[in-house]
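Data block below; observations after.
The values are calculated or read from the model by the stated rules, or taken from the named source; none is laboratory data. Values in this document were obtained by computation on a predicted structure and should not be read as measured data. Counting neighbours? That spans all protein chains shown, and the Cβs are built from the backbone with ideal geometry, glycine included.
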Amino acid sequence: MPMVAASNFWPDTLQNFIIDRPLSLPFDRHRLPDEQRTGRGISVSFRFAKDLSGAFITYASINNIQLEHLAFASYFIFLFNPSPSNMGHFLPTSES
């Protein structure tokens with residue numbers, strides 16, 4: 001999908017929207033009206049110590065970073081788990 005069309009999707013969709021009627025949205029696959037949904041899903045939560053949570057909030061505040069952005073950056077660092085052997089893939093060095 002072109003970026004212009006993607007960025008205009010919600011404004012175009014919600015223009016003159018009437019709240020009392022269903023909103024027709026695109027879907028990735030057709031669902032039959034009698035198809036039962038499982039209701040199964042997954043939820044993941046993390047529990048941090050108060051000092052770590054406080055440091056996280058303080059860092060975001062001092063550096064004028066939104067908590068969501070800091071959380072996503074932290075998540076991706078955790079997800080890709082950079083190690084000394086592949087650190088060049090994540091951080092620019094004088095050798096790269």
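Of all the criteria given as (1) under 20 Å from the mean Cα position of the chain (by Cα); (2) modelled with pLDDT of 85 or more, the one not satisfied by SER45 is (2). Here PHE56 meets each of (1) among the aromatic types (Phe, Trp, Tyr); (2) at pLDDT 75 or above; (3) loosely packed, with under 10 Cβ neighbours inside 10 Å with one exception, condition (3). Under 9 Å between Cβ atoms, which residue pairs at least 6 apart in sequence (or on different chains) link something in segment 62-74 that is without any contact (Cβ under 8 Å) to a residue 60 or more places away in the chain with a partner that is in a loop (DSSP other than H, G, I, E, B) and of a type outside the set (S, T, N, Q)? Pairs found: ALA73/ILE65. Among the residues of segment 1-19, just one is modelled with pLDDT under 80, of a type in the set (A, V, I, L, M, F, W, C) and part of a loop (DSSP other than H, G, I, E, B), namely MET1.
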